[in-house]
Amino acid sequence: MVVARSLPDPTEAISAPSAPSGDDAVDALARRWAQLISPEDPSSRARLDPLLRRLRAAVRAEPFWPTAVRRVGAALLSSGLPDGPFGAVGPAAEDVLPTTLRLLRTEGRAALGQSGPEGTRRLAAALDELAAGFAGAVRERMLDGQQEALRANGELRSQLAQASLQDRLTRLPNRSLTEQRLRAEFAPGAARRVGLCALDVDGFKAINEGLGHQVGNQLLLAVAGRLQLAAGPHLVSRTGGDEFAVLVVGSEGCDDVCRLADRLLAALASPFLVAGHSLTVSASIGVTETATSGACPEELMRAADVALSWAKGRGGGRRVVFDPERDAGEAARFALRAGMRGGIERGELRLAFQPLVALTDGTVKGVEALVRWQHPEQGLLGPAQFIEPAEHSGAIVPLGRWVLAQACRRAAQWRSELGAQAPYVSVNVSPVQLTERAWVHEVTAVLQETGLPPELLQLEITEQAVLGDEAAARQALVALRSAGVRLALDDFGIGYSGLAWLRRLPVHALKIDGSFIDGLRHPAADPVDEAIVRAMVEMAHVLGLEVTAEWVETVVQADRLTQLGCDLGQGRWFGDAGPAGWVTELCRRRMGS
Ligand code: C2E
Ligand code: MG
Ligand code: MG
């Protein structure tokens, strides 16, 4: 479905005089358009030219921008070219929309920059939107207190009403009509339940592009027919290119609407015979159902659209019911992502430190820095809640920079407090950071600034970090290693790295993923789990790497890992992540001072 965009419409800034010269197709079409709709008016060309350029920009936008096309439709009505103010509308205005649509359909492709099957589809969609925008503007004017004059022109009114409420291809009601119906259902005093199914034909674009627009249209017609049959008395509308909606007024609960959705899916299951092709299609449906009191039609439509996107996200061919909790979770993640940079700047990040302890003598060899976010509204958040969103938004770069600087500063302090016994600090590096051009330079600059010897910094990377852009990642790792920084491969064992690959990786240490250590929890553990950990430890040692086991939670696990020859342990048994001062104390205690 069309997602409303609230951005300003940049196509509005495009005006005729500043348009690129030499755009002959646009000039010629504007001339033709003016001749057709207002041959007597010398200023008509100057008024239509900017509209045509806005239209062209909106149709060519990536992705296609239906809202902007609608605005052009509305602007056409207010351009003054339909005869005078709408109250005194004459036959010229009556013709403006059909004449415009006909002209654009037959001669508009070059000027609007559309070619091939996608161009045909876009042009058709654009004409629909243009008509909807024009008709919508007509309705607005009606509401502007000029109904009297319009009523005098019955013919125009019925034409425009039809154009604005009916889909031209399938003759089904369009989105506007569905919206109108919904608004009526939600009117105060009309308390009842309503349900909405938003349906999208899976892979329709491929059919349209592969077999052509004509076949696509026929398929949509056939789909519309089957949906109508399956929906029985409920209102079926075409809400977009390959999108339909079914409105259930007076529903008997969500199950009722789900049963309808299942009937709709079943109705599309058998192949369609279209223009000699046997086409098998599936569809995705978003289902929502609510009482009209305390809700609004916009919410209902949004809920159906959101559920539809979830159905699509799961591969299509299914119905998914809207879940307000899931929706709120997604909205919260979105808000988190948007607020992260501000959080970093306001100093809301914190570091917790967890010891990496030598299994043979219990000394603290290293300390992993783990980031937390003290969110002003949501409280203390763990990395699982914000690292991935930060990677997507790019906020991971300033976040990682902050973590590195802070961790190195703290490690330099431990060094001055503990001397030669000071632990190294181990910092997690996101795949996004590793291939940042300035990353290596930033690391060395921080070391210099804080005075931390490079061997007291360990960077933890994951397999994915190296596999993404392998050449760039390797280059960064080699540079860091030659700068004297320690490197560890984190969460080892859950990826796919082979021995040969590992051998070429310039790392000093492996951290065995906690899921393997979990298997060593009980005295009578599965011997295979133990054999796997043993093999990993031995392999690491053959490659000259230090091995740390993560998630060591019990003395049983710690003892077995010691027997298996694992070097270091990290986990609750040795201590959860805590404040920096606690690490100093712990190190002193383990040193026996
Ligand atoms: P990781 O690097 O594998 O870190 C170890 C995680 O295991 C930490 O979770 C730690 O609190 C948890 N853990 C420690 N001991 C135990 C135990 O005995 N049992 C169990 N079940 N878990 C234990 P945390 O702090 O939630 O961090 C999760 C992940 O977030 C980290 O996994 C790391 O991948 C990422 N992360 C943390 N800090 C940063 C950071 O500063 N930058 C980046 N890029 N990622 C970070
Ligand atoms: Mg880690
Ligand atoms: Mg790990």
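The values are calculated or read from the model by the stated rules, or taken from the named source; none is laboratory data. Since this is a predicted model, take the numbers as computed values, not measurements. Every residue, glycine among them, receives a Cβ derived from its backbone with ideal geometry; neighbour counts consider all protein chains shown. For accessibility, only protein heavy atoms count, side chains too; no ligands or nucleic acids. Shrake-Rupley method; radii C 1.70, N 1.55, O 1.52, S 1.80 Å.
Within region 497-512, restricting attention to residues that are over 21 Å from Val555 (Cβ atoms) and in contact with an Asp or Glu (Cβ under 7 Å, 6 or more places away or on another chain), the residue that is farthest from ligand 2 (Cβ to nearest atom) is Ser497.
Kindly indicate whether Phe86 is at pLDDT below 80, buried (at least 18 other Cβ atoms within 10 Å of the Cβ) and among the aromatic types (Phe, Trp, Tyr).
yes
No other residue among Asp559, Asp518, Asp576, Asp513 is without any contact (Cβ under 8 Å) to a residue 24 or more places away in the chain and either among the charged types (D, E, K, R) or surrounded by 16 or more Cβ atoms within 10 Å (Cβ to Cβ) (or both) apart from Asp559. I'd like to verify a number: residues in region 275-293 that are surrounded by fewer than 23 Cβ atoms within 10 Å (Cβ to Cβ) and within 29 Å of the chain's Cα centre (by Cα), how many? Total satisfying the criteria: 4. Checked against the criterion of being of a type outside the set (Val, Ile, Thr), farther than 23 Å from Thr548 by Cβ, open to solvent by 80 Å² or more (accessible area, probe 1.4 Å) and touching a helix residue (DSSP H, G or I) at 6+ places or on another chain (Cβ under 6 Å), the candidates Arg350, Arg337, Arg341, Arg326 yield just one match: Arg337. Criterion applied to Arg350, Arg326 was being in contact (Cβ under 8 Å) with a residue 24 or more places away in the chain and more than 16 Å from ligand 3 (Cβ to nearest atom), and the one residue passing it is Arg350.
Does Ala540 qualify as being of a type in the set (Gly, Ala, Ser), more than 16 Å from Ser426 (Cα to Cα), buried (at least 19 other Cβ atoms within 10 Å of the Cβ) and more than 13 Å from ligand 3 (Cβ to nearest atom)? Yes, satisfied.
Among the residues of region 63-77, not a single one is more than 41 Å from the chain's Cα centre (by Cα), modelled with pLDDT of 75 or more and in a helix (DSSP H, G or I). Restricted to strands (runs of 3 or more DSSP E) entirely inside region 317-397, those with at least 2 residues that are in contact with an Asp or Glu (Cβ under 9 Å, 6 or more places away or on another chain) and within 15 Å of ligand 1 (Cβ to nearest atom) are 349-358, 364-375.
Within region 396-416, how many residues are farther than 15 Å from Gly347 by Cβ and surrounded by 15 or more Cβ atoms within 10 Å (Cβ to Cβ)?
Just the residues of region 396-416 that are farther than 15 Å from Gly347 by Cβ, to begin with: 396-397, 400, 404, 407-408, 410-416.
Keeping just the survivors that are surrounded by 15 or more Cβ atoms within 10 Å (Cβ to Cβ) gives 396-397, 400, 404, 407-408, 410-415.
Of the residues in region 396-416, 12 are farther than 15 Å from Gly347 by Cβ and surrounded by 15 or more Cβ atoms within 10 Å (Cβ to Cβ).
Screening Leu260 on (1) open to solvent by 10 Å² or more (accessible area, probe 1.4 Å); (2) touching a Gly at 6+ places or on another chain (Cβ under 9 Å) shows it passes everything except condition (1). For region 104-111, the criterion of being of a type in the set (A, V, I, L, M, F, W, C), in a helix (DSSP H, G or I), at pLDDT below 85 and surrounded by 14 or more Cβ atoms within 10 Å (Cβ to Cβ) is satisfied by no residue at all. Looking at Gln413, is it at pLDDT below 95 and more than 23 Å from Ala509 (Cα to Cα)? Judged against the criteria, Gln413 is not a match.
Of all residues in region 353-380, exactly one satisfies the criterion of being more than 16 Å from ligand 3 (Cβ to nearest atom), surrounded by 19 or more Cβ atoms within 10 Å (Cβ to Cβ) and free of Cβ contacts under 8 Å to residues at least 60 places away in the same chain, namely Trp373. Each residue in region 562-573 was checked for being open to solvent by less than 40 Å² (accessible area, probe 1.4 Å) and more than 15 Å from ligand 3 (Cβ to nearest atom), and 2 of them qualify.
Picking from residues in region 417-446 that are over 20 Å from Ala471 (Cα atoms) and hydroxyl-bearing (Ser, Thr, Tyr), the one that is farthest from ligand 1 (Cβ to nearest atom) is Thr444. You will find that of Pro506, Pro523, the residue that is open to solvent by less than 50 Å² (accessible area, probe 1.4 Å) and away from ligand 1 (no atom under 16 Å from the Cβ) is Pro506 and no other.
Candidates are the residues of region 477-492 that are in contact with a strand residue (DSSP E or B) (Cβ under 6 Å, 6 or more places away or on another chain) and either acidic (Asp, Glu) or within 15 Å of ligand 2 (Cβ to nearest atom) (or both); the one that is modelled with the lowest pLDDT is Phe492.
If the condition is being of a type in the set (A, V, I, L, M) and not in a helix (DSSP H, G or I), then region 162-198 contributes Leu169, Leu172, Ala187, Ala190, Ala191, Val194, Leu196, Ala198. Scanning region 393-451 for residues that are of a type in the set (Ser, Thr, Tyr) and in contact with a strand residue (DSSP E or B) (Cβ under 7 Å, 6 or more places away or on another chain) yields a total of 2.
Would you confirm, using the coordinates I've provided, whether Cys296 is modelled with pLDDT under 95 and open to solvent by 10 Å² or more (accessible area, probe 1.4 Å)? Here the answer is yes, as Cys296 does meet what is asked.
Before we move on, is Ala438 within 30 Å of the chain's Cα centre (by Cα), surrounded by fewer than 17 Cβ atoms within 10 Å (Cβ to Cβ) and more than 16 Å from ligand 2 (Cβ to nearest atom)? Yes: the conditions hold for Ala438. For the criterion of being over 24 Å from Thr363 (Cβ atoms) and either free of Cβ contacts under 8 Å to residues at least 12 places away in the same chain or open to solvent by 20 Å² or more (accessible area, probe 1.4 Å) (or both), Trp551 fails. Please work out which residue is most open to solvent (accessible area, probe 1.4 Å), limiting yourself to region 457-476 and to residues that are away from ligand 1 (no atom under 16 Å from the Cβ) and more than 13 Å from Val432 (Cα to Cα). In this case the residue turns out to be Gln475.
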